[in-house]
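To start, the structure under review is shown below, and the notes come after it.
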Amino acid sequence: MNNRLAGKWVLITGASSGFGAESARQFAHLGVNLLLGARREDRLASVAKECSRLGAISVHIHHLDVVNTESVNAFADWARSIAGLVDVLINNAGGAHGVDRVEDGKDSDWEAMFQINALGILRVTRAVLPLMKSRPGGVILNIGSIAGRVAYEGGSAYCASKAAELSITKTLRLELNGTGLRVGSIDPGMAETEFSLVRLKGDKEKSDAVYAGVMPLMAEDVAEAIVWAANRPPHVCIDEILMMCTAQAAPYKLNRKV
Ligand code: NDP
Ligand code: 8X3
């Protein structure tokens, strides 16, 4: 693979686990500079250590809560003070909270999902765009989901927040036309990360059951798609990638061998 990213500045939100952490590791192999954010700074520090070992030119970490505008703006100020610019922005922070049907839904879960998955992308992009506008060839990749395209029972607010992500991505694609910046959405199906543990409020047994009898996507598979999309030549924009494990033909159509 041609490496067009060596020496570039890559900013990843939600880099403390799952797709974000694995993308950081795979970008590190290409010799980039990394700016990593999330709420769990101890986890960020371990990811940073690995990335340095794997070949990143430099790795910088900072607390980030995408729900909080002050935190997002402070993060962007920090990125400006260290790097001055950003070549690649990966809006990955996100997740699901709960599997309730609408009739039993909790305000706190609904609000968390819209805050993190939809408004979080808007806040981070607004704050980081000024660091990218002078960088034709820059890339913004937002992490969506099959859930943003196909609704399923128990997924109302998560699916809606990911549908919002896709609309935000398409809006940015239009608004940034002519700047040389590229914008795309990477939309995976079920993947084994901490996602289900968070969604099921820490219930490990239920979380393990989500992946029982299937070979789901792994963080490595999704990170490969993210890095590949970011590494295209400047005249190529990957607008959307929809990817699922072979056993999953739709969110509700899973071939389990159990
Ligand atoms: P993980 O739970 O492993 O990772 C989620 C990441 O998001 C963590 O680093 C977490 O960091 C961060 N995060 C959550 N809330 C916030 C916040 N308020 N501010 C900053 N960071 C936050 O799950 P995945 O890696 O699977 O999820 C990554 C993305 O992929 C999410 O957008 C998710 O919706 C999406 N996705 C996941 C799929 C799956 O099946 N796993 C499939 C399709 C899409 P911390 O807690 O330290 O803040
Ligand atoms: C996560 C994939 O199918 O659990 O976005 O909604 S799914």
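The values are calculated or read from the model by the stated rules, or taken from the named source; none is laboratory data. Since this is a predicted model, take the numbers as computed values, not measurements. Backbone-built Cβ (ideal geometry, glycine too); neighbour counts: all protein chains shown.
If the condition is being within 14 Å of ligand 2 (Cβ to nearest atom) and touching a residue at least 60 places away in the same chain (Cβ under 8 Å), then region 197-217 contributes Val198, Arg199, Leu200. Scanning for something touching a residue at least 12 places away in the same chain (Cβ under 8 Å) and in contact with an Asp or Glu (Cβ under 7 Å, 6 or more places away or on another chain), does region 221-234 turn up at least one residue? Checking region 221-234: at least one residue is touching a residue at least 12 places away in the same chain (Cβ under 8 Å) and in contact with an Asp or Glu (Cβ under 7 Å, 6 or more places away or on another chain).
Would you be able to say whether some residue in region 223-238 is surrounded by 14 or more Cβ atoms within 10 Å (Cβ to Cβ), within 13 Å of ligand 2 (Cβ to nearest atom) and closer than 27 Å to Val10 by Cα? The answer is no; no qualifying residue exists. Of all residues in region 178-206, exactly one satisfies the criterion of being under 20 Å from the mean Cα position of the chain (by Cα), hydroxyl-bearing (Ser, Thr, Tyr) and more than 23 Å from Asp100 (Cβ to Cβ), namely Ser185.
Scanning region 128-145 for residues that are part of a helix (DSSP H, G or I) and either modelled with pLDDT under 95 or within 13 Å of Ile90 (Cα to Cα) (or both) returns Val128, Leu129. Would you check if there is a residue in region 171-190 being surrounded by 15 or more Cβ atoms within 10 Å (Cβ to Cβ), of a type in the set (S, T, N, Q) and near ligand 1 (Cβ under 10 Å from one of its atoms)? Within region 171-190, not a single residue is surrounded by 15 or more Cβ atoms within 10 Å (Cβ to Cβ), of a type in the set (S, T, N, Q) and near ligand 1 (Cβ under 10 Å from one of its atoms).
Just one of the listed residues (Ala38, Ala24) is touching a residue at least 40 places away in the same chain (Cβ under 8 Å) and crowded, with 24+ Cβ neighbours inside 10 Å, namely Ala38. In region 41-72, what count of residues is obtained for those that are surrounded by 15 or more Cβ atoms within 10 Å (Cβ to Cβ) and under 15 Å from Gly120 (Cβ atoms)? The number of residues fulfilling the criteria is 7. Every condition in (1) more than 13 Å from the chain's Cα centre (by Cα); (2) within 13 Å of ligand 1 (Cβ to nearest atom) holds for Ala209 except the one numbered (2). Going residue by residue through region 93-105, is there one that turns out to be touching a His at 6+ places or on another chain (Cβ under 6 Å) and of a type outside the set (D, E, K, R)? No, there is no match, as no residue in region 93-105 is touching a His at 6+ places or on another chain (Cβ under 6 Å) and of a type outside the set (D, E, K, R). The set of residues from region 123-166 being under 17 Å from His97 (Cβ atoms), away from ligand 1 (no atom under 15 Å from the Cβ) and within 15 Å of the chain's Cα centre (by Cα) is empty.
Of all the criteria given as (1) closer than 25 Å to Gly189 by Cβ; (2) assigned to a loop (DSSP other than H, G, I, E, B); (3) hydrophobic (A, V, I, L, M, F, W, C), the one not satisfied by Ile121 is (2).
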